[in-house]
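The structure under discussion appears below in the form of structure tokens.
The values are calculated or read from the model by the stated rules, or taken from the named source; none is laboratory data. This is a predicted model, so every value here is computed, not measured. Just so you know, the surface numbers come from the protein's heavy atoms only, side chains and all, with ligands and any DNA or RNA stripped out. Shrake-Rupley method; radii C 1.70, N 1.55, O 1.52, S 1.80 Å.
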Amino acid sequence: MTNAGKVATLTRGQAARLGRALGGRPARPRPGGQAARMPFVLLVVALLAGGLISLLLLNSALNEGSFQLSKLRKETTTLTDEEQALQRDVDAYSAPDALQRRAHELGLVPGGSPVFIGQDGKIAGSPAVAEAPPTPTPTAPATPPASAPAASGAAAQPAPSAAPSAAGGSPQPSPTPGR
């Protein structure tokens, strides 16, 4: 059998014996075996320390971001509440009865029929000065019929009624003393 095409694998011990048999130098153990491992161990320790420090920094950055997010959520909630309150105020001020009451307080009166000016300069409609509607006269409260029995003394006295306003028919608040 020929060994020409086969590659022989030898163990360390077999290679050492073969080397001694062929006349090579005997293998000596390295005196720096411990020293050869030291750079590798230091490299592994340095990598582990670097990894731990980077994880610590990453965790701190995430915690800081979490605190900022919490603060911003609280601020968003506060601003949303404020926006809703302002929207309620705008809705209250833009209600038709509130606009009418404010216009009446400022002395404004309802306008008459509109007048339009065309592009050619012609006037459509008849212009007229807006006049204040007559102030309503208070009506005397109706007296209850004599045949209807009064349930209590307070029921026999008529309740103060608010007269409807001239423009919209909504009652005007009665003046309160001290204001």
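Leaving ligands, DNA and RNA out of it, report the carbon-plus-sulfur percent of the accessible area of the range 53-127 at a 1.4 Å probe.
Values: 4100 of 6800 Å².
About 60 percent, which is the carbon plus sulfur part of the accessible surface.
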Rh (Kirkwood, all Cα-Cα pairs) for the range 72-130, Å, reads 15.5 Å
